[in-house]
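What follows is a short report on a single structure.
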Amino acid sequence: MDKIENIRLLLVDDHQVLMDGIKALLEKAEGISIVHEALNGKSALETLEKHQEEIDLVLLDINMPDMNGFEVCQEIKKRFPDKKVLSLTMHSEAGFITKMVKAGADGYVLKNAGKEELVTAIQSIQQGEKYFSKAVTNSLLDGMQSKKPSRSQYIPKITRREKEILRLIIDECNTDEIAAQLFISDTTVISHRKSLLRKLNVKNTAGLVRVAYEFNLLVEE
């Protein structure tokens, strides 16, 4: 692979400590520099609007408070079609990967990847190739090969109110904030949250987020 000099990155992640880790990982990578950072999707799009000439590739997380990575990627490809997008996330489930690809991502790498793989992914994508790490490819193949039942067979239908609460949970609202926005009591919010955990067979908020994205539970019917 020919080495491309000076690939300029926009790093988008809502956790500063993770951004610092990625910066440290790429700090001495020859020909790659992080020129801008954003802590959420809205800020990422504003940064691209102001500095698009300075940015070649976007390193994009999926779980973010205002706009998720799928939405941000779609907007980037719509408004800045020449910009490359590499999804850098902890989610290895086939549903996440497929949804990100459909949103227009040029590659998908897990956050536990080493420096060498991340650099290879960035260089490959900037040269016009697609890049999916081995773990991601295996996850996609497993998903294709396993004959899973349709969503309706194993994901219970959630009510409109539960969907509203799930959306706010994903937006990282706490119980008080959800109650205030929906004009219901804290007790009611807690009750609906317990119902969601039971219906979707998960143990915590992270599980709710994963299942919501994997099975498009927030899509309006």
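The values are calculated or read from the model by the stated rules, or taken from the named source; none is laboratory data. In this text, all values refer to a predicted model and were calculated from it rather than measured experimentally. No Cβ is skipped: glycine too gets one built from the backbone with ideal geometry, and neighbour counts run over all protein chains shown. Quick note on the areas: whole protein, heavy atoms, side chains included, nothing else; ligands and nucleic acids left out. Shrake-Rupley method; radii C 1.70, N 1.55, O 1.52, S 1.80 Å.
A few points about this structure:
- For region 87-107, the set of residues classified as open to solvent by less than 10 Å² (accessible area, probe 1.4 Å) and more than 20 Å from LEU9 (Cβ to Cβ) consists of PHE96, ILE97, listed by residue number.
- For region 172-208, a residue qualifies if it is touching a residue at least 40 places away in the same chain (Cβ under 8 Å) and more than 19 Å from ARG160 (Cβ to Cβ), and exactly one does: GLU172.
- Selected residue (criterion: least open to solvent (accessible area, probe 1.4 Å)) from residues of region 125-135 that are under 17 Å from the mean Cα position of the chain (by Cα) and at pLDDT 80 or above: SER133
- Filter result (more than 13 Å from ILE170 (Cβ to Cβ) and either among the acidic types (Asp, Glu) or more than 25 Å from the chain's Cα centre (by Cα) (or both)) within region 195-221: SER195, GLU220, GLU221
- Note on region 49-107: residues that are part of a strand (DSSP E or B) and either among the polar types (S, T, N, Q) or more than 19 Å from HIS36 (Cα to Cα) (or both) total 3.
- Set ILE97, ILE55, ILE34: member being within 30 Å of GLY207 (Cβ to Cβ) and β-branched (Val, Ile, Thr): ILE97
- Tallying residues that are part of a loop (DSSP other than H, G, I, E, B) and in contact with an Asp or Glu (Cβ under 9 Å, 6 or more places away or on another chain) within region 26-48 yields 4.
- Selection within region 97-122 - modelled with pLDDT under 95 and among the acidic types (Asp, Glu): GLU116, GLU117
- Those residues of region 27-71 which are among the hydrophobic types (A, V, I, L, M, F, W, C), in contact with a strand residue (DSSP E or B) (Cβ under 6 Å, 6 or more places away or on another chain) and closer than 22 Å to LEU168 by Cα, in sequence order: ALA38, ALA44, LEU60, ILE62
- In region 93-116, the residues that are touching a Gly at 6+ places or on another chain (Cβ under 9 Å), hydrophobic (A, V, I, L, M, F, W, C) and more than 14 Å from ASN63 (Cα to Cα): ALA94, ALA103, ALA105
- Exclusive hit being touching a residue at least 24 places away in the same chain (Cβ under 8 Å) and crowded, with 21+ Cβ neighbours inside 10 Å, set LYS115, LYS84, LYS42: LYS84
- For region 184-221, filtering for residues that are buried (at least 18 other Cβ atoms within 10 Å of the Cβ) and not in a helix (DSSP H, G or I) leaves 2.
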